[in-house]
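Student: Mind having a look at this structure? Questions to follow.
The values are calculated or read from the model by the stated rules, or taken from the named source; none is laboratory data. Since we're looking at a predicted model, the values are computed, not measured. Positions of Cβ are generated from backbone atoms using ideal geometry, with glycine treated the same way; all protein chains shown enter the neighbour counts.
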Amino acid sequence: MHSYLIFGEMLYLRWPKKKKENVFSNGDGYTTSQRQRGCRDHHYSSSKLGKLADCLKLEHQFLRVPFEHYKKTIRANHRAVEKEVSAVISGVSDAADSDLSRDDAVNQLNSLVSRLQGLKRKLEEGSRTEHLQAQKCRARLDHLDSAEVDNLSEWNSIRLKRILVDYMLRMSYYDTALKLAQSSNIEDLVDVDVFEAKKVIDALQKKEVGPALTWCADNKSKLKKSKSKFEFQLRLQEFIELVRAENNMQAISYARKYLAPWGATHMKELQRVMATLAFRSNTECATYKVLFEAKQWDYLVDQFKQEFCRLYGMTLEPLLNIYLQAGLSALKTPFCYEDDCTKEDPLSQEGFRKLAQPLPYSKQHHSKLVCYISKELMDTENPPLVLPNGYVYSTKALEDMAKQNHGKITCPRTGLVCDYTDVVKAFIS
């Protein structure tokens, strides 16, 4: 049988050399070919372990998020204990120092006891919450520990579902994300409960800043440490809404109380916003008109999502985008953006092109052929075969087709029918 050597898109005729298999043994009971197959199996297993190790490197968020949530709950419980115990001790001290009647002293002590009982109930609830969060951390550690070569397919399937749930939560598809997590039995492996952010986002979409300001107050120390100006942006928007409603005196009072403290660090933005008192909401001046546009609320939603992700150590981009971009970076070539780009190329679709836009082009030093039929890579283990009409397909795909059709091959693109013996082998350079 003749063979071809492929350089780029050129086919050159070459006579194949017949390869002899070394069947001699070195005394260990195995032939050379058997030892080579064993080495290939070992290499395959090692490569899968390498891929698994790479996967685990990307699981920082998987462990960081529940741990941060766990720490936050512990701190909240600790603050509650300090506050209530301090108040009770102070109350007892006041009762001891003051000249109260017996009945008044008993009433005051009873109120302190009631306060301690309330603290006990809070701590019991907090303890249950801590236990659930610790259980979630344990479940995630066990899940990562269960990743082995033997169950890699199942482990990757769960990982894909986790990535999809993460994407749905970030895109505000909360109900769908919850149903997928429940149906896949992976509630402990996803962060649905952390996304109490839903109520904040819903409120911002309804043009209400109250829940967002409460969230800022709950996380004030961390936001201050990261030099976040999200609370400032919320205050600005509240001021704008007062100006829109023509409550100018109330807007001025609001600015003195809530905006003035930000003057040292955000004076230019404050001056711009304060000027809206003179221009009003119906202004045509572009500098101030944009402040009254509805998209300012969309900006606040995006800003909150970024702050929320940063607070919990989550990636700013959805994990799905990150993994897709990693794959697209290996596929992106100038040809992908041509009009005649093959439809099998993911980058022929506008959505993938947009996702790959900021990525560099892939460096391809060697030709790579993918079988049109099986979508598998054609290499030395699965060499390309050339039909009489010049189209190239993989050996495995054509062998399977020939077995099912009594040695006949049908070109899926032109309909040409030929015998399997008519195809010639090609070599990739």
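Student: Among the residues of the stretch 88-102, count how many are surrounded by 14 or more Cβ atoms within 10 Å (Cβ to Cβ) and part of a helix (DSSP H, G or I). I'd like the intermediate steps shown before the answer.
Tutor: Within the stretch 88-102, the first condition is being surrounded by 14 or more Cβ atoms within 10 Å (Cβ to Cβ), and the residues that meet it are 88, 91, 95, 100.
Among the residues that remain, those that are also part of a helix (DSSP H, G or I) are: 88, 91, 95.
Here the count works out to 3.
Student: Among the residues of the stretch 133-140, is there at least one that is exposed (fewer than 14 other Cβ atoms within 10 Å of the Cβ) and within 30 Å of residue 188 (Cα to Cα)?
Tutor: Filtering the stretch 133-140 for residues exposed (fewer than 14 other Cβ atoms within 10 Å of the Cβ) gives 135, 138.
Next cut, within 30 Å of residue 188 (Cα to Cα) only: 135, 138.
So far as the stretch 133-140 goes, yes, one or more of its residues are exposed (fewer than 14 other Cβ atoms within 10 Å of the Cβ) and within 30 Å of residue 188 (Cα to Cα).
Student: Also, I was wondering about something else. Name, by its number, the condition in (1) of a type in the set (A, V, I, L, M, F, W, C); (2) touching a helix residue (DSSP H, G or I) at 6+ places or on another chain (Cβ under 8 Å); (3) closer than 30 Å to residue 319 by Cα that does not hold for residue 95.
Tutor: Every condition holds for residue 95 apart from (3).
Each row is one residue, and each column tells you yes or no for (1) touching a residue at least 12 places away in the same chain (Cβ under 8 Å); (2) more than 18 Å from residue 61 (Cα to Cα).
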| residue | (1), (2) |
| --- | --- |
| 142 | no, no |
| 167 | yes, no |
| 200 | yes, yes |
| 221 | no, yes |
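Student: Follow-up. Among what's in the stretch 285-307 and is of a type outside the set (A, V, I, L, M, F, W, C) and over 21 Å from the mean Cα position of the chain (by Cα), pick the residue that is surrounded by the most Cβ atoms within 10 Å (Cβ to Cβ). Give the derivation first.
Tutor: Step one: of the stretch 285-307, the residues of a type outside the set (A, V, I, L, M, F, W, C) are 287-289, 293, 295-296, 298-299, 302-303, 305-307.
Now restrict to residues that are over 21 Å from the mean Cα position of the chain (by Cα): 287-289, 293, 295-296.
Values: 287: 11, 288: 19, 289: 14, 293: 10, 295: 8, 296: 16.
So, considering only residues that are of a type outside the set (A, V, I, L, M, F, W, C) and over 21 Å from the mean Cα position of the chain (by Cα), the one surrounded by the most Cβ atoms within 10 Å (Cβ to Cβ) is 288.
Student: Among the residues of the stretch 223-254, write down those that are in contact with a Lys or Arg (Cβ under 9 Å, 6 or more places away or on another chain) and either free of Cβ contacts under 8 Å to residues at least 60 places away in the same chain or of a type in the set (Lys, Arg) (or both).
Tutor: 231, 241, 243, 244, 246, 254
Student: Here is a follow-up. Picking from 347, 316, 320, which residue would you name as being outside the structural domain of residue 222 (by TED's automatic domain parsing) and at pLDDT 90 or above? Steps first, answer last, please.
Tutor: On the way: 347 fails: at pLDDT 90 or above; 316 fails: at pLDDT 90 or above.
From the options 347, 316, 320, the qualifying one is 320.
Student: I've got another one for you. Check off (1) under 23 Å from residue 319 (Cα atoms); (2) at pLDDT 90 or above; (3) not hydrophobic (A, V, I, L, M, F, W, C) for residue 191 and give me the number that stays unchecked.
Tutor: Checking residue 191 against (1) under 23 Å from residue 319 (Cα atoms); (2) at pLDDT 90 or above; (3) not hydrophobic (A, V, I, L, M, F, W, C), the one that fails is (2).
Student: Out of all the residues in the stretch 244-266, is one or more under 19 Å from residue 298 (Cβ atoms), modelled with pLDDT of 90 or more and crowded, with 18+ Cβ neighbours inside 10 Å?
Tutor: Step one: of the stretch 244-266, the residues under 19 Å from residue 298 (Cβ atoms) are 244.
Within this subset, residues satisfying the condition of being modelled with pLDDT of 90 or more are 244.
Add one more test, that the residue is crowded, with 18+ Cβ neighbours inside 10 Å, and what stays is none.
No: the stretch 244-266 contains no residue that is under 19 Å from residue 298 (Cβ atoms), modelled with pLDDT of 90 or more and crowded, with 18+ Cβ neighbours inside 10 Å.
Student: Among what's in the stretch 103-121 and is among the charged types (D, E, K, R) and under 48 Å from the mean Cα position of the chain (by Cα), pick the residue that is surrounded by the most Cβ atoms within 10 Å (Cβ to Cβ). Give the derivation first.
Tutor: Our first condition is that a residue be among the charged types (D, E, K, R); within the stretch 103-121, this holds for 103-104, 115, 120-121.
If we keep only those that are under 48 Å from the mean Cα position of the chain (by Cα) too, we end up with 115, 120-121.
Working: 115: 15, 120: 11, 121: 9.
Of everything passing the filter in the stretch 103-121, 115 is surrounded by the most Cβ atoms within 10 Å (Cβ to Cβ).
Student: Looking for whichever is in contact with a Phe, Trp or Tyr (Cβ under 7 Å, 6 or more places away or on another chain) and free of Cβ contacts under 8 Å to residues at least 24 places away in the same chain here; the options are 288, 337. Which one fits? Spell out how you get there, then give the answer.
Tutor: On the way: 337 fails: in contact with a Phe, Trp or Tyr (Cβ under 7 Å, 6 or more places away or on another chain).
Matching residue, one of 288, 337: 288.
Student: Here's a follow-up. Cβ contacts < 6 Å: first residue among the acidic types (Asp, Glu), restricted to the stretch 294-319; second residue crowded, with 16+ Cβ neighbours inside 10 Å and not in a loop (DSSP other than H, G, I, E, B), any location; separation 6+ or different chain. Result?
Tutor: Within 6 Å, the pairs are 307/230.
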